[in-house]
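Notes follow once the structure below has been shown.
Since every read-out is calculated from the coordinates, none of them should be taken as a lab result. Keep in mind that this is a model prediction, so the values were computed, not measured. All Cβ positions, even for glycine, are placed from backbone atoms using ideal geometry, and neighbour counts span all protein chains on display.
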Amino acid sequence: MLGKNMLIAAAILGTFAMIGAGLVGMTFEGTKDRIAANEREFLLRSLNEMVPAEAYDNDIYNDTINVTSKQLLGSKEPLTIYRARLNNSPVAAIITAHAPDGYNGTIKLLVAVDLAGQIGGVRVLAHKETPGLGDGIEVERSPWINNFYGHSLNAPDKQGWRVKKDGGIFDQFTGATITPRAIVKAVYRALIFYYLNREALFAPADSIIEVPIPNKSGGNSRG
């Protein structure tokens with residue numbers, strides 16, 4: 001009798017487990033398209049904050065190239081670069097870059113650079129920085145990230161591409177220097193990548209081999 005009751009209980013539990021798994025699967029299937037649509041909307045909004053929609057006429061979301069540069073873009077995996085064009089002429093490249101040395105891990109960025117090499121904007125895609133300290137990198141929480149606008153590889157000079165605590169021009173957060181330092185370094189390296197690969201970025205290639213940083217560009221590994 002006891003064995004029979006155990007079998008019945010096990011069967012009931014198994015049935016509930018199957019029903020639960022089915023409900024989870026149905027929920028995922030029902031929401032994944034909405035999640036993907038929200039992610040696309042967020043990305044497009046970020047792209048258009050850095051490169052105004054009226055400045056290009058191509059499908060910026062799908063006109064992309066995958067590039068690989070662990071040294072300059074902070075990831076050994078391919079990263080996406082979005083290309084803005086007007087009348088088939090290049091306008092800007094929006095580079096996905098990683099700052100691997102954030103306080104709580106990698107910070108994922110978008111860095112928009114126009115054809116002349118000037119920054120049109122920087123946005124944070126994802127991070128795990130401390131709320132109330134490092135999360136000031138989000139444009140919704142602080143205007144700090146807008147300080148990169150208009151700068152280029154040589155303006156400021158190499159020394160200027162640091163936080164003020166390290167002798168540069170960019171502010172750090174009170175009680176949180178590591179996070180802004182990591183982003184300043186990542187943006188500077190993204191500019192070096194653009195400088196070295198500008199023409200290739202707008203070609204219909206699948207990937208770009210990592211290019212060593214020449215000494216004259218000032219791109220060493222120090223932050």
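Exposure proxy shown here: for Asp171, Asp114, the number of other Cβ atoms within 10 Å sets the order, fewest to most, as Asp171, Asp114. Available extension along the chain between Thr177 and Val139 is 11.9 nm, counting 0.36 nm per residue and deducting the alpha carbon span. Which of the pairs Lys76/Lys164; Lys76/Lys165; Lys70/Lys164; Lys70/Lys108 have their Cα atoms more than 24 Å apart in this structure? Where the Cα-Cα span goes over 24 Å, the pairs concerned are Lys76/Lys164; Lys76/Lys165; Lys70/Lys164.
Net length available on complete extension from Lys158 to Arg45 is 37.6 nm, with 0.36 nm assigned per residue and the Cα-Cα distance removed.
Between Arg34 and Thr80, the contour length at 0.36 nm per residue exceeds the alpha carbon distance by 14.4 nm. Per the Debye formula on identical point scatterers at the alpha carbon atoms of the range 56-217, with no solvent, log10 I(q)/I(0) at q = 0.08, 0.13, 0.20 Å⁻¹ is -0.22, -0.58, -1.33.
For Asn87 and Ile19, a Förster radius of 35 Å and the Cβ-Cβ distance give a FRET efficiency of 0.05, rounded to the nearest 0.05.
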